[in-house]
Amino acid sequence: MREVAIREGSIRLGQFLKLADLIEAGGDAKALLAAELVDVNGELETRRGRQLVSGDVVTVGAASVRVS
């Protein structure tokens, strides 16, 4: 599983999707979440503003990325 480091103690899900190269543009997050294609720690997530912290795992399709 790939890990992506964040600078602060937390990051919003929409920002992390872009940082981890799971989406091309920040605006793509809204459509991806609306289509219910994003899991956080194995649970469906639809909130772009969800706060992620170190250790959280974001999954989009077959790609999983851990926040570190």
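In the chain, helical runs assigned H by DSSP with n ≥ 4 each contribute -39500 (n - 2.57); averaged across all residues and rounded to the nearest 500, the mean residue ellipticity at 222 nm is -5000 deg cm²/dmol.
Take Ser64: with every protein chain present and a 1.4 Å probe, its accessible area is about 40 Å². Looking at the chain, the trypsin sites (Lys or Arg not before Pro) that sit in a DSSP loop and have at most 12 other Cβ atoms within 10 Å of their own Cβ are Arg7, Arg47. Within the stretch 2-68, the GluC sites (Glu not before Pro) that combine a DSSP coil assignment with at most 14 other C-beta atoms in a 10 angstrom radius are Glu8, Glu24, Glu36. Only one residue of Ala62, Phe16, Met1 has its Cα farthest out toward the positive end of the dipole of the chain, where Lys and Arg carry +1 and Asp and Glu -1 on Cβ, and that residue is Phe16. Neighbours of Val58, meaning other residues whose beta-carbon lies under 15 angstrom from its beta-carbon, give a summed charge of -1 when Lys and Arg score +1 and Asp and Glu score -1. Using Cβ point charges alone (K and R +1, D and E -1), the dipole size of the stretch 1-62 about the Cα centre works out to roughly 240 debye.
The values are calculated or read from the model by the stated rules, or taken from the named source; none is laboratory data. This is a predicted model, so every value here is computed, not measured. Ideal geometry is used to build each Cβ from the backbone, glycine not excepted, and the neighbour counts take in all protein chains shown. The protein model used for the area step is the full one, side chains on, heavy atoms only, and it has no ligands, DNA or RNA in it. Shrake-Rupley method; radii C 1.70, N 1.55, O 1.52, S 1.80 Å.
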